[in-house]
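The block underneath contains the structure these notes are about, expressed in structure tokens.
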Amino acid sequence: MPLTYHVGIHDEGFAYRVGDVWSETFPDHGSALAAAKSAAARQQQGGEDTEISYQLSDGRWRTEQVSRGEGPITNVSDDADNPMKELTGSCRCGQVRLTVRGKPLRIGICHCTDCRQESGSAFTYFGLWPASEFHYEGATSEFAGREFCPRCGSRVFAVGDSEVEIKLGVLSAAPTRLRPSYEVWTKRREPWLSSIEGAEQHEEDRR
């Protein structure tokens, strides 16, 4: 019988358990799920079949199985065409939690001044999904159309009329394996950064 990692609410937070033994407590569901997947992958590499059971945002339960030789459970790239694939994420403190389902419309990198200033980094890494496939919980604040956590300051997403842009660094599973298909504002790109092979290159905005 495979070992089953159950992810759920525990001690005023979230945790995973194997049998009656609980893990440490995490501030949000996404962090607990990522930790459970990591533990299951390590167990699988040791020769055990493993599976993870966790609850989705709509209340349904999902079970993912890993067989010997499959390696760690990874993220959307391993099942990118599955319209039911669900990704979870959160801000740094866990106050804002998000869920997005299905294949992203596109993945990009932006080097513009606004993105550099809002992230404090040399570029931002983001994905866009239909707004109908996105759900979040927790209070947010907004500046220039971009939502952030008022407690820890993490930039998390921006919601438009039909699409939502998610900062991919907030996703619980890492690496995400979501490869950018384009780069914008490359004229602002740092000279020590190489262009992404195969990605569209735009000196300014994508037309």
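The values are calculated or read from the model by the stated rules, or taken from the named source; none is laboratory data. Predicted model only: the values in this text are computed from it and were never measured. Cβ coordinates were reconstructed from backbone atoms using ideal geometry, including for glycine residues, and neighbour counts include every protein chain displayed.
Here are a few things to note about the model shown:
- Given (1) over 17 Å from residue 88 (Cβ atoms); (2) part of a strand (DSSP E or B); (3) in contact with a Gly (Cβ under 8 Å, 6 or more places away or on another chain), number of the condition residue 206 does not satisfy: (2)
- Filter result for the condition that a residue is at pLDDT 85 or above, under 20 Å from the mean Cα position of the chain (by Cα) and on the phi > 0 side of the Ramachandran plot, over 153, 169: 153
- The listed residue being surrounded by 14 or more Cβ atoms within 10 Å (Cβ to Cβ) and of a type in the set (Phe, Trp, Tyr), out of 143, 126: 126
- Any chance residue 158 is in a loop (DSSP other than H, G, I, E, B) and small (Gly, Ala, Ser): no
- Just one of the listed residues (131, 173) is within 17 Å of residue 85 (Cα to Cα) and in contact (Cβ under 8 Å) with a residue 60 or more places away in the chain, namely 173.
- Selection status of residue 173, among the aliphatic types (A, V, I, L, M), assigned by TED's automatic domain parsing to the domain that holds residue 113 and surrounded by fewer than 12 Cβ atoms within 10 Å (Cβ to Cβ): no
- Within the stretch 183-203, the set of residues being in contact (Cβ under 8 Å) with a residue 24 or more places away in the chain and part of a loop (DSSP other than H, G, I, E, B) comprises 185, 189, 190, 193, 196, 199.
- Close contacts from the stretch 9-29, counting a first residue that is over 17 Å from residue 61 (Cα atoms) and a second that is of a type in the set (Asp, Glu) and surrounded by fewer than 17 Cβ atoms within 10 Å (Cβ to Cβ), with Cβ to Cβ under 7 Å and a gap of 6+ residues or different chains, come to 25/11.
- For the residues 92, 206, 101, 155, the requirement of being over 27 Å from residue 29 (Cβ atoms) and among the basic types (Lys, Arg) singles out 206.
- Every listed requirement among (1) surrounded by fewer than 14 Cβ atoms within 10 Å (Cβ to Cβ); (2) among the small types (Gly, Ala, Ser); (3) within 19 Å of residue 103 (Cβ to Cβ) is met by residue 181 save one, (1).
- Any hit, the stretch 114-129, residues being at pLDDT 90 or above and of a type in the set (A, V, I, L, M): yes
- Checked against the criteria, residue 118 counts as acidic (Asp, Glu) and surrounded by 15 or more Cβ atoms within 10 Å (Cβ to Cβ).
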